[in-house]
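Visitor: Take this structure first; my questions come after.
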Amino acid sequence: MKEYTKITKAILHWYEKNARDLPWRHTHNPYKIWVSEIMLQQTQVSRVIVYYKRFLEKFPNIGTLAQAQWEDFLPVWRGLGFYSRGKNMLKTAKIIVQEHDGEFPTALESLPGIGPYTAAAMKSFAYGQSEPAIDTNLERIFQRYFGCSKKGVIPRAKALFSTNKKEAPSMNHALMDLGSEICKSRKVNCKQCPLHEDCYFLHSEQKEKWQQSLISGRIGKKVISKKIPMEVAVACIQKNGKYLIAKRRKEKGGNWEFPGGKREKGEDWRHCIKREVQEELGVEISARPHFFEETWEEGDYFWRLRFSRCQILSGQITLHEHTQIQWVLPSEFKKYSLPEANKKAITKLMKMKMS
Ligand code: SF4
């Protein structure tokens, strides 16, 4: 127990000086905490801040959200991706108002879209309960510090949180900040870490092995992610100085996008883009090598989007996945809310000469 008390003190002391000032850390309102936690699932903090404020201006409480339709909801969510989260929020708001008098029930996990992590975070941040919110950040820190397996994280987290129940919310925040700023998945800053004195990972041969594995996971300057790859070929189909964009069905978010889709295991990129466009629009295309690649990590996934300029070779456009298409000039892209992850590719596209 002595060791746990020492760790708690070190973490809380570090947090006092290094806490990130995030808008949802200034409230205990369960509704606002819930909104932030759902948005933070699979989305970076910096992006969530903007959406969170806008969302609460439009839907300041559970009552206003429960009255909303998908059409009202979509404009404030558009761009955050993973639209099933939004659908679950609308369902949850209605359930809370209709079945629980507007209050979140104790059985948070019975609500759509609330899993064990979100439930624990809400219990901690909204209700001040001594609940460790175990996410990948916390797991990584514990596994490194204690040198334990994934299974060993829960008992240790419980023991740690029992040393200072009152400070459990700060402990959760602190561990989140440590995981995102100091003890990252691919980079560690052990010198700045409050746990460096007794960290197993740092003082064993583990760190060296890990660094070696990172180095051997590199090709040139590019890092091969150990996360689950999500590779998407994106077709920028051009004709008469314009590019084709297509509107997704309402149940898939209803926003505009370039056609394309996920690369199958072992599939050639060019084959992938041709197959996807054939499946979505029913036309055969030619595709140039990609002119831009966007990559990022989100939760357990490593995303890679490759953008290629394409031309239709044969066939009539038939919509299988979309509700409408539009041929737009590069200068008109800004009128359409295309995905955030397309921004850099669009900027490149606008500078390229049409062929
Ligand atoms: S000392 Fe290094 S490896 Fe250990 S918990 Fe801190 S940052 Fe992570």
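The values are calculated or read from the model by the stated rules, or taken from the named source; none is laboratory data. Every value quoted in this text rests on a predicted model; they were computed, and no experiment measured them. Glycine gets a Cβ as well: all are built from the backbone with ideal geometry, and neighbour counts include every protein chain shown.
Visitor: I need the full set of residues from the stretch 250-260 which are at negative phi and modelled with pLDDT under 90, in order please.
Guide: Of everything in the stretch 250-260, those that are at negative phi and modelled with pLDDT under 90 turn out to be 250, 251, 252, 255.
Visitor: Ok, one more. Among residues belonging to the stretch 281-325 that are acidic (Asp, Glu) and part of a loop (DSSP other than H, G, I, E, B), point out the one that is modelled with the highest pLDDT.
Guide: Taking the candidates together, the pick is 321.
Visitor: Mind checking which residues of the stretch 44-79 are in contact (Cβ under 8 Å) with a residue 40 or more places away in the chain and either assigned to a helix (DSSP H, G or I) or crowded, with 19+ Cβ neighbours inside 10 Å (or both)?
Guide: Within the stretch 44-79, 45, 47, 62, 70, 74 qualify.
Residue-wise test of (1) at pLDDT 95 or above; (2) not polar (S, T, N, Q).
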{"site": "81", "(1), (2)": "no, yes"}
{"site": "86", "(1), (2)": "no, yes"}
{"site": "92", "(1), (2)": "yes, no"}
{"site": "101", "(1), (2)": "yes, yes"}
{"site": "115", "(1), (2)": "no, yes"}
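Visitor: Next question. Looking only at the stretch 24-33, which residues are in a helix (DSSP H, G or I) and surrounded by 14 or more Cβ atoms within 10 Å (Cβ to Cβ)?
Guide: 24, 25, 30, 31, 32, 33 - these are the residues of the stretch 24-33 that are in a helix (DSSP H, G or I) and surrounded by 14 or more Cβ atoms within 10 Å (Cβ to Cβ).
Visitor: Separate question: So is residue 139 within 26 Å of the chain's Cα centre (by Cα), assigned by TED's automatic domain parsing to the domain that holds residue 19 and more than 10 Å from the ligand (Cβ to nearest atom) or not?
Guide: So residue 139 passes the test.
Visitor: Which ones in the stretch 226-254 are within 17 Å of the chain's Cα centre (by Cα) and outside any strand (DSSP E or B)?
Guide: 226, 227, 253
Visitor: Tally up the residues in the stretch 165-176 that are surrounded by fewer than 21 Cβ atoms within 10 Å (Cβ to Cβ) and within 12 Å of the ligand (Cβ to nearest atom), please.
Guide: Within the stretch 165-176, residues that are surrounded by fewer than 21 Cβ atoms within 10 Å (Cβ to Cβ) and within 12 Å of the ligand (Cβ to nearest atom) number 0.
Visitor: Note down all Cβ pairs under 9 Å where the first residue falls in the stretch 96-122 and is surrounded by 14 or more Cβ atoms within 10 Å (Cβ to Cβ), the second is basic (Lys, Arg), and they're at least six residues apart or on different chains.
Guide: 108/123; 111/91; 112/87; 112/91; 113/85; 113/87; 113/91
Visitor: Do we have residue 195 as near the ligand (Cβ under 8 Å from one of its atoms), surrounded by 19 or more Cβ atoms within 10 Å (Cβ to Cβ) and of a type in the set (A, V, I, L, M) here?
Guide: So residue 195 passes the test.
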